[in-house]
Amino acid sequence: MAGAAPAVDVFIRSYHRDRAWLALALRAIRLYLRGHRRVVVVMPRASRERIGGLAGEAAFHFCADVADDYLGQQLTKLHADCWTDADVILHLDSDQLFLAPCDLRARLFDGRRLRADHALNQRRPGSDGWLCCAPGFFGTDFDRLRGLDLTGPPPLAMPREVYGGLRAYCERRHGMTLYDYAARLGADRFCEFSLLRGYALLFVPDALTWSEHNPLPECRTFWSRRDTPAGIAAQLPAALQSP
């Protein structure tokens, strides 16, 4: 990542049922986030007709519809570099909101290295499918990372070279594409963020500075399966409460 300042794109994989959350997330980014080039949103083609007025709020792209869209969204994220040419890809979910001003250049970069997080101790039971994903995928390569919990949610920023490297590694080690590998496991045993973190730790260690704490404290995670934008409105800054 030497030379000119790397381009950072925000990447959100969403779908039509999270439209209200996505609208709020895009508004929060517009109000509070600085240091990025653009926001890229990828949704299944079935959502194309249901995004309404959001079309002008980000660079929208539409991916293939799949029967299990939870697995579909995991795989879309592992192909994020196919949807943007940014040097750095910052993953966010639709229900993650910036609640205060945030300068990505100040928060995400430690000199020329990216800041990223992982847990130093396992927070999930040893039999947890997501926790087992990275050790099973990387095999003996993962031995020196055992004990780490790489399953944490976004925000997570990755250098673009991680994505292609990870897909090529899958084909070399497992003799199949990531799509086929994930389909064999299913969404409850496949964790995209553990694979991104694992590959970065193992194969591009000098590109990142790691911490137990997420480098973007201004970004708060809600839970779209339980919460609604209206239900959490009182927890938002006034600028996000007004239409």
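Key figures
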| read-out | value |
| --- | --- |
| Meets criteria (within 12 Å of HIS118 (Cα to Cα), touching a residue at least 12 places away in the same chain (Cβ under 8 Å), among the charged types (D, E, K, R) and assigned to a helix (DSSP H, G or I)) for ARG197 | yes |
| Selected residue [at negative phi, of a type in the set (Asp, Glu) and in contact with a Gly (Cβ under 8 Å, 6 or more places away or on another chain)] from ASP180, ASP117, ASP95 | ASP117 |
| Residues of the range 204-241 satisfying the condition of being hydrophobic (A, V, I, L, M, F, W, C), surrounded by 14 or more Cβ atoms within 10 Å (Cβ to Cβ) and under 19 Å from the mean Cα position of the chain (by Cα) | VAL204, ALA207, LEU208, TRP210, LEU216, CYS219, PHE222 |
| Output for the range 125-172, where each listed residue is among the polar types (S, T, N, Q) and either touching a Ser or Thr at 6+ places or on another chain (Cβ under 9 Å) or within 30 Å of PHE222 (Cα to Cα) (or both) | SER127, THR151 |
| Hey, ASP110 over 30 Å from ALA233 (Cα atoms) and out of contact with any helix residue (DSSP H, G or I) (no Cβ under 8 Å at 6 or more places or on another chain) or not | yes |
| Which numbered condition CYS170 fails, given (1) in contact (Cβ under 8 Å) with a residue 40 or more places away in the chain; (2) surrounded by 17 or more Cβ atoms within 10 Å (Cβ to Cβ) | (1) |
| Positions within the range 206-243 being among the polar types (S, T, N, Q) and more than 23 Å from ARG107 (Cβ to Cβ), in sequence order | SER224, THR228, GLN241, SER242 |
| ALA183 vs. criteria more than 19 Å from the chain's Cα centre (by Cα) and part of a helix (DSSP H, G or I) | yes |
| Hey, GLY164 of a type outside the set (Lys, Arg), part of a helix (DSSP H, G or I), surrounded by fewer than 13 Cβ atoms within 10 Å (Cβ to Cβ) and under 17 Å from the mean Cα position of the chain (by Cα) or not | yes |
| Only one of THR151, THR76, THR140, THR84 that is buried (at least 18 other Cβ atoms within 10 Å of the Cβ), more than 23 Å from LEU24 (Cβ to Cβ) and either modelled with pLDDT of 95 or more or not acidic (Asp, Glu) (or both) | THR151 |
| Within the range 175-203, considering residues that are within 30 Å of ARG19 (Cβ to Cβ) and of a type in the set (Asp, Glu), the one surrounded by the fewest Cβ atoms within 10 Å (Cβ to Cβ) | ASP188 |
| Test result for LEU22, buried (at least 21 other Cβ atoms within 10 Å of the Cβ) and farther than 28 Å from ALA207 by Cα | yes |
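The values are calculated or read from the model by the stated rules, or taken from the named source; none is laboratory data. Here the structure is a predicted model, which is why all the values come from computation and not from measurement. FYI the Cβ positions are ideal-geometry reconstructions off the backbone, even for glycines, and counts take in every protein chain you see.
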